[in-house]
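Peer 1: First the structure, which I've put down as C-alpha cells, then a few questions once you've had a look.
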Amino acid sequence: MKSAQRLTCFLALLAMLVWMGTAPPAFAQNPSRTIRPIGEFSNVRHTDEHAYGYMIELWRDGDTAIGLFFVSEGLQGDTPAGMMENVRFNSRTGALFFTAKLSTGVVILPGGRQEPTRDLFEFSGTLRATVLTGTIQRSDHRQPVRAGSRERVQLKIQKQATMLTAGSFAEWRGRVDEILKFRGPKW
C-alpha cells in the first residue's frame, strides 16, 4: 500500500473514531506525562466498625481529570473501588461526569449461586475548590429488573487526604492497577 493510501486510511479511521466519540485524547500516547492531584472528596461517615458513603480521588491529567471512586457500605477496610471511566471534565466550569464499575457485594442467582455484583455508578456534578456536588445514579447489571437508585451528594475535600502519589501517568496507573486487583470490579 502506498503511503498516500495509508494516510487516507488512517485519516478515515481517525474520523470514524472521533465521530463515534471513542478517539483517545491526544495526550494518551505519552505515559510519562505529569499528573497533579486535585484532591480527595468524601462524605463517608464512620461508626466504631462501619463506614458509609462515597469518596472520589481526583488528579489533573492535561485538560481532563482522572481518578478513583470508592463506595463504603459496611465494615471498614478494603473499600470497593473503581476507576473513573467515560470522563467529561470542563476545567472552566467545573462540570464533571464519569462512570465507574464496582462490585460492592454479592447477589444470589438462581440455584443459590453467589456472584459479585456488577454495580455501575454514574456521577454528574460540579467540582469547586473545596466541594464536589452532584448526583450519583446506581444500577446493578446482574439485577436489571431491580430499580437502581439516584441520590444527591455533597463531597467535601479532605485536608488530611491519603491519596497515592505518582510523578507520571504510567506510575499512577501502575499503582491504581494494584488497588483494583484486590478492591476493583469483578466484571
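The values are calculated or read from the model by the stated rules, or taken from the named source; none is laboratory data. Computed from a prediction, not measured in an experiment: that's the story for all the values here. Methodologically, a virtual Cβ is constructed for each residue, glycine included, from the backbone with ideal geometry; neighbour enumeration extends over all protein chains shown.
Peer 1: Search region 144-172 for residues being out of contact with any helix residue (DSSP H, G or I) (no Cβ under 7 Å at 6 or more places or on another chain) and surrounded by 15 or more Cβ atoms within 10 Å (Cβ to Cβ), and hand back the single one that is modelled with the lowest pLDDT.
Peer 2: Ranking the qualifying residues of region 144-172, first place goes to MET163.
Peer 1: Something else about it: Pairs, please: C-beta under 9 Å, at least 6 apart or cross-chain, first residue of a type outside the set (A, V, I, L, M) and in region 87-101, second surrounded by 14 or more Cβ atoms within 10 Å (Cβ to Cβ) and assigned to a loop (DSSP other than H, G, I, E, B)?
Peer 2: Note: pairs meeting the criteria are PHE98/MET84; THR99/MET84; LYS101/ARG118; LYS101/GLY184; LYS101/PRO185; LYS101/TRP187.
Peer 1: Let me ask another. Go through region 58-74 and count every residue that is closer than 14 Å to ASN43 by Cβ and of a type outside the set (Ser, Thr, Tyr).
Peer 2: The total comes to 4.
Peer 1: Now a separate question. Can you confirm whether ALA129 is exposed (fewer than 14 other Cβ atoms within 10 Å of the Cβ) and hydrophobic (A, V, I, L, M, F, W, C)?
Peer 2: Here the answer is yes, as ALA129 does meet what is asked.
Peer 1: Here's another thing I want to ask about it. Are any residues in region 54-71 farther than 16 Å from VAL176 by Cα and either without any contact (Cβ under 8 Å) to a residue 40 or more places away in the chain or touching a Cys at 6+ places or on another chain (Cβ under 6 Å) (or both), and if so, which ones?
Peer 2: Within region 54-71, GLY62, ASP63, THR64 qualify.
Peer 1: Taking only region 72-91 into account, find how many residues are more than 25 Å from TYR52 (Cα to Cα) and at pLDDT below 95.
Peer 2: So the answer is 1.
Condition check ((1) without any contact (Cβ under 8 Å) to a residue 24 or more places away in the chain; (2) out of contact with any Lys or Arg (no Cβ under 7 Å at 6 or more places or on another chain); (3) not acidic (Asp, Glu)) across all residues:
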site: HIS141; (1), (2), (3): no, no, yes
site: ALA161; (1), (2), (3): no, yes, yes
site: GLY174; (1), (2), (3): yes, yes, yes
site: LYS181; (1), (2), (3): yes, yes, yes
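Peer 1: Between residues in region 37-51 that are farther than 22 Å from ARG152 by Cβ and residues that are surrounded by 15 or more Cβ atoms within 10 Å (Cβ to Cβ) and of a type in the set (A, V, I, L, M), which pairs lie under 6 Å by C-beta distance while being six or more apart or on different chains?
Peer 2: PRO37/MET163
Peer 1: Inside region 93-110, can you point out the residues that are farther than 29 Å from ASP48 by Cβ and at pLDDT 95 or above?
Peer 2: Scanning region 93-110 gives THR93, GLY94, ALA95, LEU96, PHE97, PHE98, THR99, LYS101.
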